Amino acid sequence: MTDERWSLYVDGSCLGNQNVDASTPAAWAVVIVIGDTGLGRGTGELHEEFADVVITDPTADGFIGAEVGSNNTAELSGFAAALRWLLIEGSETPAVIRADSQYAGNLACGAWKAKANRELVAHVQSLWDAVAEVRTLSWEHVKAHRGHRWNERADHLALRKAQGDLPVPLTFWKPGQR
């Protein structure tokens, strides 16, 4: 994979993203693609996809600092999951994380300073730094809900996880289907 790079699409979803607290349902998703151009036409080949809920209980396994369920904590949790995947994958293949949240992307890479979600952001930034030590790493903004195949897939997975529903299998799923 010398000329290839991993494209990791991350998205978050929160049900009722107003007056959030620790019990507000929120989830994140990661879609990993190889050979993607990032142009939204669905180029590349799906390697793996996964999603989970935002963990807000400090005593629970997997807690990484999210105090509430919100779109922002879901997006940041998605970045954390993508970065952990890159660490476990373990190669030196360059990677780009594509997200529709400028908030999460700029906090993850350290371009912005956290004013909220400080513990979660610090965790994500430490993962970013660890990944950046072993491979070329960047992030790119993708416009939400514009038909970008892999971003729409990440959105679908996150929303379905937040709702407690199974996703539509990729073989039956059509971009824009929520």
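Since every read-out is calculated from the coordinates, none of them should be taken as a lab result. Remember, it's a predicted structure, so these values are computed and weren't measured experimentally. Every residue, glycine as well, gets a Cβ built from its backbone with ideal geometry; the counts of neighbours run over all protein chains shown.
Structure summary
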read-out	value
Calculated P(r) of the chain - Cα pairs past 26 Å, %	23
For region 5-48: Kirkwood Rh in Å [reciprocal of mean 1/r, alpha carbons]	12.3
CD proxy at 222 nm, helix term only [per DSSP H run n ≥ 4: -39500 (n - 2.57); per residue of the chain; nearest 500]	-10000 deg cm²/dmol
Relative contact order of the chain, pairs being alpha-carbon contacts under 8 Å that are 6 or more residues apart, as %	29
Sites ASP61 and ALA116 - FRET efficiency at Förster radius 30 Å, r taken between beta-carbons, to 0.05	0.80
Separation of the PHE50 and ALA132 label points, Cα + 7 Å toward Cβ, nm	2.4
